[in-house]
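The values are calculated or read from the model by the stated rules, or taken from the named source; none is laboratory data. Everything numeric here is computed off the predicted structure, so don't read it as measured data. No Cβ is skipped: glycine too gets one built from the backbone with ideal geometry, and neighbour counts run over all protein chains shown.
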Amino acid sequence: MSKMSGKRFKKKTGTKSAKNLPKTDLDWLSKNTHFSPANIVEWHKGFLDDCPDGRMNRDKMKEMFNAITPQDADGEGKSGEQFLDQLFRIFDKDGDGSIDFKEFMIATDMTSRGDPEEKLRWAFRMYDKDGSGEIEMGEMVEIFCLMYSIQGYTEEEATERAEKIFKSLDNNGDGTLEEEEFIKGCLADEELLELLNAGGIGGGSQ
């Protein structure tokens, strides 16, 4: 698992970080990521030093992820590029080419997790935006595209895999999956499990 902290950011002298991290965001991140409250606050200070307006653009995100994601054989990190493309597709809802601190921390946590079940549970909850405990077919496809992209697989391959697993798990045909069904089904898929154990989302052997 990657060892990371807010100190990875380049400190800039004279930068005023007027924005405080909302307590609701701090509480949510403490509960839903592996980072401690103190570590999250440290990350936030570094984030604002590099991104005073509270938004991180794709180039800065790429800079960060080049240090923590696997490089391809040619050294160009195309799998990391695909991961960023998927990431911004999910998070950059207003299309301005940037993400906020909370979204950045979610992505960072996702790349640092090593346990396959935890990765799947994290991904499920990210897409279960209304907290209903269920996801739809299209959301599962997006989850797979994100997980597969970091290893350089195409969107078509990820979509095909997701649809196959979803159809095998959706026994009542209502078009949704509950969290435990999703986790159990994904962990039973040898190809996906191998992908996750290999580091899947930006990891590596622990």
If we scan region 149-165, do we find a residue that is in contact with a Gly (Cβ under 6 Å, 6 or more places away or on another chain), assigned to a helix (DSSP H, G or I) and not aromatic (F, W, Y)?
yes
Would you check which residues across region 88-103 are under 13 Å from C51 (Cβ atoms) and in contact with a Ser or Thr (Cβ under 8 Å, 6 or more places away or on another chain) and list them?
none
Tell me which residues, restricted to region 29-40, are buried (at least 17 other Cβ atoms within 10 Å of the Cβ) and without any contact (Cβ under 8 Å) to a residue 60 or more places away in the chain.
N39
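Rundown of residues vs (1) assigned to a helix (DSSP H, G or I); (2) within 12 Å of the chain's Cα centre (by Cα); (3) at pLDDT 90 or above, yes/no style:
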| residue | (1), (2), (3) |
| --- | --- |
| T15 | no, no, no |
| T24 | yes, no, yes |
| I40 | yes, no, yes |
| M61 | yes, no, no |
| F83 | yes, yes, no |
| Q86 | yes, yes, no |
| I90 | yes, yes, no |
| I106 | yes, yes, no |
| R121 | yes, yes, no |
Keeping to region 168-187, report how many residues are surrounded by 12 or more Cβ atoms within 10 Å (Cβ to Cβ) and under 22 Å from the mean Cα position of the chain (by Cα).
11
